[in-house]
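In what follows, a structure is listed as structure tokens, so that the remarks can point back to it.
The values are calculated or read from the model by the stated rules, or taken from the named source; none is laboratory data. In this text the structure is predicted, and so the values were computed from the model without any measurement. Methodologically, a virtual Cβ is constructed for each residue, glycine included, from the backbone with ideal geometry; neighbour enumeration extends over all protein chains shown. Areas reflect the complete protein model, heavy atoms only, side chains present, ligands, DNA and RNA absent. Shrake-Rupley method; radii C 1.70, N 1.55, O 1.52, S 1.80 Å.
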Amino acid sequence: MSASDPLSQIFQSSARRAAPEPTWVERIPLAVWIVGFVLLIMPLIANNFWLFQVFGWTFILGMIALSLMFLAGYGGMVSLIQMSVAGMAGYAVAILGTSGMSDLSLGWPWWLHIPVAIIIAAIFGTIVGALAVRTEGIYTIMITLAIASAFFYFTRQNYEIFNGYSGFNLVVPPRLFGVDWRQPVPFYYLTLACAVLSYLAVIYVSRSPFGLALQGVRDGPRRMAALGYNVTAHRIAAYTFASVIAAVGGILLVWQNSQISPGTVGIPAVIDILVIAVVGGLRRPIGPFVGALIYVLLRTFSPDLLTGFGLSGERFKTLIGMGFLLIVFFSPDGVLGLWDRWRARQQRKRDPLRDRSTR
Amino acid sequence: MQEFFQKRPIWSGIIILVLAVFIWLVLAPWSPEMEAVLGRKRVFLNAVFGGVTLGALYFLVAAGFTLIFGLMRNVNLAHGSLYLLGGYLGFEVSERTGSWLLAFPVVFVLVGLVGIVLQNQVFRRMEGEELRQTMVTIGISVVLADLMLWSWGGQSYTIMTPDWLSGPAELPIVAGTNRDGDTVYLRYPAVRIAILIAAIVIGVLMWLILNKSRLGMLIRAGVDDRDMLAASGIRIQWVFLAVFAFGAGLAGIAGIVGGTFQSLSPGEDTRFLLASLVVVIVGGMGSIPGAAIGAVLIGLSEQLGLVYAPTYSVVVTFLIMVAVLAFRPQGLLGRTR
């Protein structure tokens, strides 16, 4: 890694001749390999609580926040509807599949109710998106927030479909291949696989023609329209894609909690997703997962931390809110932004020769 | 107004027709056949008055929000927290001093001061960065909500109505007939009527100040072209501070009102933030009359929905918002920029 290593210097300089901006792109794979390896062997290191509560929850929240990151980072649309879309998928699984409320749940087999739940959530997200893209910037936030709260109050009031206040309990994943997917280790790998797949999907889509056009729409909607792109259709399609990711996250969330109730899609939950995505950073798809890890760690351990300082353990929300405020105040692009700037400064400090060699 | 009639004769006709039918439904005594279809008139009237009163409360909250947004382009998502804070402070003041009326000026000043701090310390640092403002105010509202939960706990509070406003008042509106065939007039809590009147007075005063005074002229000029106003030698930051303090104080006062005729508990802050969001989306950003129309519409639809379609009342509100967005994205009285 170190720049003084002669081999890496040669390697870097040769790469620089081939492509204009290589070095750290080449370094990333190693970090990814390490992280990937650690994540794969995590069940050997961590106990069940960490696997199920900390990492499972991190991946799930990360996926939902990833869908927000996709919309906000690549589409320039900060949508607060993602948690509701996830909740819609969760509710759909509970209603179409099996749950403790046997008279409300339809009990469809898993190969039917899971895809249908994702489709329902995608349709819901698309409709909301179609409404939201009629407006821009801050209005999008307000409108999606209003719709998300309407969804919350609706699920709380409606007893015929959503079973009102109490929601659905005993919603568990199907027993596939003889594995109980709610056991910590299988659930860990399930969430890990879904998170990695959605991460790769976001990266793939962001580099596809559609993703590039979407980023063009973000930067200059008028120019893109003038070039013949259908701006509205691109934005709505982005909502649909993001909804699918959020829906998968929502289904996993229901399975993890084994229940869903209006509180799952309440305003605090909706705002938590925004906090996660912003704290992590909206620039790159890894951001939401970093944010989710920070959030889950804070959420899990801040009561202990606060009582350690002699404060009441219930004040973790203040802690999270303060942290969020600090991040937004000092680094609008989140923890990743801090990291990037720190890296840039380190590099500038370390080898002054580099700039000379490029000239 | 006249321009609107000339431009859209069909729409204005429909609006006048709907209004006329509505007023007739409220004023005229219902025949037994009508009651068979629509239910008792007393229920309908109570829903209508509840809706209008709720609309008055929504107006008090949303007016500050829309004024702040219209002038400064500041997105204050901590507005609901100001409402709840005002309610709690009003509760404390009226409990300690025993005076309901005294709570209003005290809360107005206190919450107005909070607003000044917000404007001076937060919004001034990030002028024009709407997204950051949103995030920061969301963070502030999370922290404020938790701190309020800390000091006032999770139970719900109701501010006591003063004696001279408690009890019902009789309105000259026919509610129905009793067994003897006499007409019965509608009885409605006096405090709610007072709230309604107060909201109307505040609304009219705001309109007068905005349209007839020098400060109002400055504000309207600021809404239209902030830079030009600043360039012509006005200390625009002072205007901003005044407007923000006024909007925040109004939200605080609304908190007392809401605490008197409903209750104060954690979660009310987001409820009223969302209500004012919907009101402002429906009425149009930055427009005071729009906020009034939107507030009454939303209040009415909420209460009527609760009476006639209990499980779907939220959907009605939502549908109104969707319809407005679909046909008039800038809101009913909003202007396209």
Per-selection Rg to Rh, segment B:197-282 - Cα, Kirkwood hydrodynamic radius: 1.05
Rounded tilt (10° steps) of A:231-257 against the dominant C-alpha axis of chain A: 70 degrees
Projected area averaged over orientations for chain B, convex hull of C-alpha atoms, nm²: 19.5 nm²
10 Å Cβ neighbours from other chains, averaged over peptide A:156-162: 3
Over segment A:26-67: Rg over Rh, Cα atoms, Kirkwood Rh: 1.06
Peptide-level mean, for B:320-327, of C-beta atoms on other protein chains within 10 Å: 3
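Using a 1.4 Å probe and counting only protein heavy atoms, arrange A:I203, A:I141, A:I45 so the residue with the most accessible area comes first.
Details: A:I203 35, A:I141 5, A:I45 115 Å².
Heavy-atom accessible area, descending, gives A:I45, A:I203, A:I141.
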Segment A:47-282 - Rg (one decimal) and Dmax (whole number), Cα, Å: 17.5, 56
Cα-Cα separations in segment B:94-151 greater than 15 Å, expressed as whole percent: 64 percent
Accessible area of B:R220 in the full protein assembly, 1.4 Å probe (Å², nearest 10): 100 Å²
Candidates B:V280, B:V184, B:V114, ranked by Gaussian network fluctuation over chain B, Cα under 10 Å, top entry: B:V184
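Quote the relative contact order of chain A in percent (integer), defining contacts as alpha-carbon pairs under 8 Å separated by 6+ residues.
Details: 510 pairs, mean separation 93.4, N = 359.
Computed value for chain A: 26 percent relative contact order.
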Sequence of A:K317, B:K212 when ordered by accessible area, the most exposed leading, probe 1.4 angstrom: B:K212, A:K317
Peptide-level mean, for B:301-313, of C-beta atoms on other protein chains within 10 Å: 2
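Taking the radius of gyration and the Kirkwood hydrodynamic radius from Cα positions alone, what is the Rg/Rh ratio for segment A:101-142, to two decimal places?
Using only Cα positions, Rg/Rh for segment A:101-142 is 1.24.
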Surface accessible to a 1.4 Å probe, A:I271 within the full protein complex, Å²: 20 Å²
Candidate residues A:F177, B:F65: accessible-area rank, largest first, probe 1.4 Å: A:F177, B:F65
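In cubic angstrom, how much convex hull volume per residue do the alpha carbon atoms of the protein assembly as shown span? Can you show the working numbers first?
Details: hull volume 150.2 nm³, N = 696.
Per residue, the Cα convex hull of the protein assembly as shown comes to 216 Å³.
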B:M135 - accessible surface, heavy atoms, 1.4 Å probe, Å² rounded to 10: 10 Å²
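So what is the orientation-averaged projected area of segment B:258-337, using the convex hull of its C-alpha atoms, in nm²? Can you show the working numbers first?
Numbers: hull surface 23.2 nm².
With every direction weighted equally, the projected area is 5.8 nm².
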